[in-house]
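The values are calculated or read from the model by the stated rules, or taken from the named source; none is laboratory data. All values reported here derive from a predicted model rather than from experimental measurement. Every residue, glycine as well, gets a Cβ built from its backbone with ideal geometry; the counts of neighbours run over all protein chains shown. Just so you know, the surface numbers come from the protein's heavy atoms only, side chains and all, with ligands and any DNA or RNA stripped out. Shrake-Rupley method; radii C 1.70, N 1.55, O 1.52, S 1.80 Å.
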Amino acid sequence: MIDDIKKDAIERMQKCVVALKNELKRLRTGRAHPSLLEHIRVEYYGNEVPINQVANVALEDARTITVTPWEKQMVQAIEKAIMKSDLGLMPATAGTVIRVPMPPLTEERRRDLAKVVRHEAESARVAVRNVRRDVMGDLKDLLKEKLVSQDDDRRAQDEIQKLTDKYVGEIDQVLAEKEKELMQV
């Protein structure tokens, strides 16, 4: 029973770290990365679909993303979707290839992005702590129902706390890497 609770806690805490990494991928740094455009949705025959379902997204160089639509008539729709996104990017179309240059970030914008990154990391830490709280509640319920001994309960609580510390440490490491990438000129 306790093992099942621990496995569930590990799985949920890992999901918190993965969610943070996915959220941080969206943040634009000075460097181009195809995942920056992943969340952009394009109008395709009346449906909103992710950009990678209507075009090939690749890197041309360190500061340029190329988007090559699979259908020629999609060029306008993709260009419009990129401009409307919250990324502040200005695509340039050359025939059927859309080039998205990454403008260099100002110092002020870097600081603002660093604040956003810290906020996202704090949200992930809170999520991990919420998992710990839920698991600790489950352990208390088992103890009340006399399904586990006090020693097993205490041991399991210590292990859950160690897991929490481990995943909060991973979050801090991801945060440090992203801040370093942001402040790099």
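Exactly one condition in (1) more than 18 Å from Ile171 (Cα to Cα); (2) touching a residue at least 40 places away in the same chain (Cβ under 8 Å); (3) in a helix (DSSP H, G or I) is not met by Glu120; state its number.
Only one criterion in (1) more than 18 Å from Ile171 (Cα to Cα); (2) touching a residue at least 40 places away in the same chain (Cβ under 8 Å); (3) in a helix (DSSP H, G or I) is unmet by Glu120, namely (1).
Being within 30 Å of Glu179 (Cβ to Cβ), loosely packed, with under 12 Cβ neighbours inside 10 Å and more than 19 Å from the chain's Cα centre (by Cα) narrows it down to one residue among Ala62, Ala94; which is it? Let's see the steps before the verdict.
On the way: Ala94 fails: within 30 Å of Glu179 (Cβ to Cβ).
From the options Ala62, Ala94, the qualifying one is Ala62.
Could you tell me how many of the residues in segment 156-183 are in contact with a Lys or Arg (Cβ under 9 Å, 6 or more places away or on another chain) and either on the phi > 0 side of the Ramachandran plot or of a type in the set (A, V, I, L, M) (or both)?
Count: 9.
Hey, among Val75, Val67, which residue is more than 30 Å from Cys16 (Cα to Cα) and at pLDDT 90 or above?
On the way: Val75 fails: at pLDDT 90 or above.
None of the others qualify; the one that does is Val67.
Got at least one residue in segment 25-42 being open to solvent by 90 Å² or more (accessible area, probe 1.4 Å), in contact (Cβ under 8 Å) with a residue 24 or more places away in the chain and in a strand (DSSP E or B)?
Yes.
Mind telling me which of the residues Arg12, Arg99 ends up being open to solvent by 20 Å² or more (accessible area, probe 1.4 Å), in contact (Cβ under 8 Å) with a residue 24 or more places away in the chain and in a strand (DSSP E or B)? Give the steps one after another, and end with the answer.
Details: Arg12 fails: in a strand (DSSP E or B).
The conditions single out Arg99.
Failed condition for Glu48, given (1) open to solvent by 60 Å² or more (accessible area, probe 1.4 Å); (2) in a loop (DSSP other than H, G, I, E, B), with all others met?
(2)
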